[in-house]
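*Asks:* Supplied in structure tokens, the structure appears directly below.
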């Protein structure tokens, strides 16, 4: 008698590969979206931490601090990307190790008004470019490329809902 050979047929293997391909086509975009959303949330958390340090500094000094690269900007100007030496006025008294880069590895932007009464902290988002003036673009965003802006104790532009 001939012994029956066991194993998978070519059709069975192709069906399994097709099913795995369909599942991957569904799962990968959702995974990438979740990664970007996580970067947004980390950036927002870091911006809150920076703002807490800024607010504590303002309580002691009656004005908001300047960052090394943006001491003379008016509040309505576009924020300048701060460099790694910025926040010397905040560290270590008001915040031990202030975050200098967002989740996309961009430097945060910072600007304050001339008298030091208002401030704006921004993240450029995934596209790594700051909007010309995020103060006029208030509200929610649905694009990972949009800036995230935090001003005077609250987010004025932030992600909400499905993102793309």
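Just so you know, all these numbers are worked out from the coordinates, no wet-lab data involved. Note that the structure is a prediction, hence the values are computed from the model and not measured. Methodologically, a virtual Cβ is constructed for each residue, glycine included, from the backbone with ideal geometry; neighbour enumeration extends over all protein chains shown.
*Asks:* Fully extended, how many nm does the chain gain between residue 5 and residue 114 (0.36 nm per residue separation, minus their Cα-Cα distance)?
*Replies:* Values: separation 109, 0.36 × 109 = 39.24 nm, distance 8.37 nm.
Result for the pair: 30.9 nm of gain on full extension.
*Asks:* Could you calculate the contour length gain from residue 145 to residue 42, that is, 0.36 nm times the residue separation minus the distance between their Cα atoms, to one decimal place in nm?
*Replies:* Numbers: separation 103, 0.36 × 103 = 37.08 nm, distance 1.52 nm.
Taking residue 145 through residue 42 to full extension adds about 35.6 nm, to one decimal.
*Asks:* Modelled label-to-label distance, residue 129 and residue 62, 7 Å Cα→beta-carbon offset: nm?
*Replies:* Computed distance between label sites residue 129 and residue 62 equals 4.3 nm.
*Asks:* Right, another one. Spin-label point model (7 Å from Cα, Cβ direction): what's the residue 30 to residue 152 distance in nm?
*Replies:* If labels sit at residue 30 and residue 152, their model points lie 4.2 nm apart.
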